[in-house]
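**Q** Can you keep this structure in mind? I'll have questions shortly.
Taken together, the values in this text are just the output of simple stated rules run on the coordinates, not laboratory data. Just so it is clear, the structure is predicted and the values come from calculations on it, not from any experiment. All Cβ positions, even for glycine, are placed from backbone atoms using ideal geometry, and neighbour counts span all protein chains on display.
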Amino acid sequence: MAEFGFNEHHQNEAINYMRFARSKRIIRLKTIDSCFEDLKDSRLVEETFTVDEVRDMLDGLQLVVRGEVETELINTAHTNVLLLRQLFSQAEKFYLRLQTDISELENRELLEQVAEFENTEFKNPNKTNQEISKPKLAPLNEGGVSELLNKEISRLQEENNKLKGRLRTLETQAMGALDEKTRAERALKDLQKMTTRSQEITSLEDTVAALQEDYQKSLSVNAASQRDLQDNLVSAKHDLLRVQEQLSLAEKELDRKFQQTSAYRNMKEILTKKNEQIKDIRKRLSKYESDE
C-alpha cells in the first residue's frame, strides 16, 4: 500500500482490516459451500429427477445462497460504516472534517492494486492463519495533530506573555510621561509667575531711573526738594531691596524646580543682566551721594 501514500502505522491498520474482511469472506464462502453439500446429501439421492424436481431444488438453493450473500453484503456495509464512525469520531475531536469520494470506490486501477497487494500480503498460508489482534484505533492524543496543537498553544502563550510584558513596559512609560507632563505644567506656571515678577522689577527699575533723573534735576533747585527726592530715592531703594530679596527667594525656588530646564538658564541670564543694571544704578547713586 506504499503507493497509496500510507505511513507504516496506517498500512498496518489497512492490513488488519483486510485480514478481518478476508476471514469473514472465507467463513461466508464455506457457508455457501455447505449449502451445496447439504443439497447434495439431502436431495440428490435418486438417479433420475424430473424437470420440476430439479427446478424446485435449484429454487431452494437459490433462496439459501441469496440469503447468505445478502446477509454478507449487508454486514460488510454496516462494518464499513462502523469503521468510518471510528475515523470520523477521532477527526471530530480535533475539529477536522473528513471527506470521501464515492467515485473512487469503483476505480478499477485502484481496486486491482488492492487485489494485488492482498494476494501478495496473504500469499503465505501461515501468515493468513495467524491470530488476529484487535487493537482499538490509536488515539491521536500523544502525537500528530495534538502535538501541533500543543506547540501552537505554547507559542501563543509565549507570545501572550511577551505582549503582557510589553504592555507593562508601555504602561510604565505612559505613567512616566504623565509625571513628566505634570512637572512641565508646574514648571510653566512657575515660569509665568517669574515672568510677572520680572515685569515688576523692570517697572521698579524704570521708576528708580525716573527718580534718579528727577533727583539730578532737583539738585540745583533747593535743599528741601533735594531731601524729599533723597527720601523718595531711599524708599525706592528699600522697595528695590525687598523686591531683590523676593527675587532671591524666587530664584532659589526656581533653581530647585528647574535645575535641568533651559527656561531656568535663560531666566538666570536675564536676572544676571538685571542685577548688573542694578549694580550700575547703585554706583551712580553712590556717586551722587559722594558729591553731596
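**Q** Tell me the net charge near residue 210. Cut-off is 15 Å between Cβ atoms, residue 210 excluded, with +1 for each Lys or Arg and -1 for each Asp or Glu.
**A** Once all neighbours under 15 Å are counted, the net charge is -3.
**Q** Also, quick follow-up: What GluC sites (Glu not before Pro) does region 26-67 have in DSSP loop regions with at most 12 other beta carbons within 10 Å?
**A** Counting only loop positions with at most 12 other Cβ atoms within 10 Å, the GluC sites (Glu not before Pro) in region 26-67 are 46, 47.
**Q** What net charge is computed for the residues neighbouring residue 91, neighbours being all others with C-beta under 14 Å from the C-beta of residue 91, Lys and Arg scored +1, Asp and Glu -1?
**A** +2
**Q** Please give me the summed charge of the neighbours of residue 272: other residues whose Cβ is under 11 Å from its Cβ, Lys and Arg +1, Asp and Glu -1.
**A** Computed value for this residue: +2.
**Q** For residue 122, enumerate residues with amide H under 5 Å from its amide H, sequence gap 5+ or separate chain, H modeled in the peptide plane.
**A** Those qualifying (amide H under 5 Å, at least 5 residues apart or on another chain) number zero.
**Q** Moving on to the next point. Show me the trypsin sites (Lys or Arg not before Pro) within region 64-125 that DSSP assigns to loop and that have at most 10 other Cβ atoms within 10 Å of their Cβ.
**A** Those that pass, being in a loop and sparsely packed, are 97, 123.
**Q** Give the lysines whose C-alpha is closer than 29 Å to that of residue 283, dropping any in the same chain fewer than 8 places away, or say none.
**A** Qualifying lysines at Cα under 29 Å: 217, 237, 252, 268, 273, 274.
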